[in-house]
Structure formats: structure tokens, C-alpha cells
Amino acid sequence: MVTTEIVSEVVDKIAKQELTRRIVNTTTPHLIRAGTKMTDFEDLDSSISKLPSSLSPTDMLIYIANHKSYADLLVILESVSRTRRAVSGLGNVYLPLSASVEGGQHGPLVEVLYREGGKPAMLDQGIHTINIVTENDRKVRGLESNDQQQRRELDSIIVEPHSAMFLFPEATLEGGRYYDDGRVKGMQRVKKRILGLILLKAQKANRNITLLQLGITGTNHLLSAESNFLTPESFLGLLKQQVGRNQYLAKVKAREPLQLSYEKGFDADEYVMSSIAELLPEEERGFYREKNKEKELQAA
């Protein structure tokens, strides 16, 4: 019987080969285009159209979304690309990224996909990464916290004119993984209040924050959150595209742009993640499914 562990071991051995790196470098643009075609972004265009046509140096756009899979890279690239086509004045976009991904500690496959494919594609769109040491990095991979460095980098980003950010507050792919009974785990509770910190620093720097809230579904059907490899559905989708047919496997829903500022005692992270959860099917809301039900009961 072929197990997931055996498949992963074989894939990792292949990923270590120089030829694999060259192939990934060559094919990544095609795979990004194919994955983008399999993702429904219609809702995103409507939200972007409501942004001002030009952003001033003090305007700061923050994309914020739930996290399902490494295929969320497609959402990052397409969101920024579509914004740049519709809006002038969008500068460098900064993405907090697990230090273990940047350090190649998620296995040879993720390393080669990131270094040869994902990172160059992001740089082409003016997207730069900030290394953060996540809870998993500390507990599972033994990395030391870099909170002070993160705060210095954040301070620098906040005062940079025209800068923007893309946030995945969950900081984990757990929401795209499955329980043994086949149920998707769904959204995970935010542990670090990154948005609240940004709002506080932005207020001190006289930056005006606009949020684009994105609800992502189905990207874990493009790239598995368990194996970090293409799924059977995505292989089938690629074949269908070769004969002129397309099938949506993922979808991005978006709320209208939201102006948000720091308010003492207001948990911006929980507020926004609860709002994003409402964009998702109920079974994918995870922690925020019950939290939102509690809010509804209290309102009643």
C-alpha cells in the first residue's frame, strides 16, 4: 500500500535534484496562470473598484485573509496585480512569512517551489517578505523568537510612503487541513494581534488604513495543505484546461473596502476575522463559526 509518507519521501528526493529546480523555474509561470484560472476572483474586482483611483503617500492598504494552503500565493499575486491595474500609488507590498519557509525548513519540495517559483513571482509584483517566527517555528522547529526584529521592520514599513501589507493573521495552514472524519478544520483563532499593532503604529505615523477583507475557499483543493503537493482535482483541472475547458476549484470573496483606525479596547483582529468568516461556507469557519453564533445569540 502506498502511503502519504512514502509519496512525500519520493517527492522530496525528486525536489532535491538540480533538474527539478530548473523545471520548477520554467513551469511556475504556467502553473500560476493555470491556478489563477481555476480561482474565481469576480468578487475581488468589485471590491477593488470601490478603492480611490489614486492612493496618497499616507494611505496604507492592507489585504487581510484567512489561510488555507500555499496556493494562497495565487490570491496574493492576483490581488496585488488587479489593484495595481486599477489604482495608482500602490507602493511596496509586505507579506509576513514564516521564517521556516524562508529558511527552507518545510522540506525540499516547498523550498524549491518557494525559491524558484513563488519568491520571484512576488518580487515581480513588488511584494516583499518579512520573516516572522511563528508558534510552530518555535515549538516544532526550535527557532528563536525575533519579536524585536519584527517590530523594527514593521516600524520601517509603517513610515514608508505608499507601503501596503498582506496579512494572514492565522499564521498557519491548519484551516485547510482535515480531521480524520473528513471535515475541514476551518479558520483558526488568531493568537497574535498583528492588525491591532499595525493600527496603533499607523495612528502614530498619521497613516490612513484601508482594509480589503478576503475570504478564501478551495485553494487547498489546488495544493494540499497536508502534503503541500498538487491534488488530484488540480491535476484534472490542468488536463481540462488543455482541451479548452475550465473548472473553478477555489473562490475569493471580498467585502467593500473598510476604513479602520486604532481604538483602545477594540480587538480589531477578532472583529475582522469574524467578518471574514462570514464570507466562507459555514463548515469552513472553524473557531469563528461558534464565535459568530455566540454573537448572534447575544444580539437576539
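The values are calculated or read from the model by the stated rules, or taken from the named source; none is laboratory data. Note that the structure is predicted; figures quoted are calculated from it, not measured. A quick note on method: Cβ atoms are made from the backbone with ideal geometry, for glycine too, and the neighbour counts reach across all protein chains shown.
For this structure, a couple of remarks:
- Where helices (runs of 4 or more DSSP H) fall wholly inside segment 1-66, the ranges with 3 or more residues that are modelled with pLDDT of 65 or more and under 30 Å from Q259 (Cα atoms) are 42-48.
- Verdict on S274 being part of a helix (DSSP H, G or I), at pLDDT 90 or above and among the small types (G, A, S): yes
- Residue that is nearest to the chain's Cα centre (by Cα) [pool: residues in segment 200-244 that are on the phi > 0 side of the Ramachandran plot and surrounded by 15 or more Cβ atoms within 10 Å (Cβ to Cβ)]: G218
- One residue stands out in segment 245-260 among those that are in a loop (DSSP other than H, G, I, E, B) and modelled with pLDDT of 95 or more: the one that is surrounded by the fewest Cβ atoms within 10 Å (Cβ to Cβ), namely E256.
- Taking segment 88-193 and the strands (runs of 3 or more DSSP E) fully enclosed by it, the elements with 2 or more residues that are among the β-branched types (V, I, T) are at 127-132.
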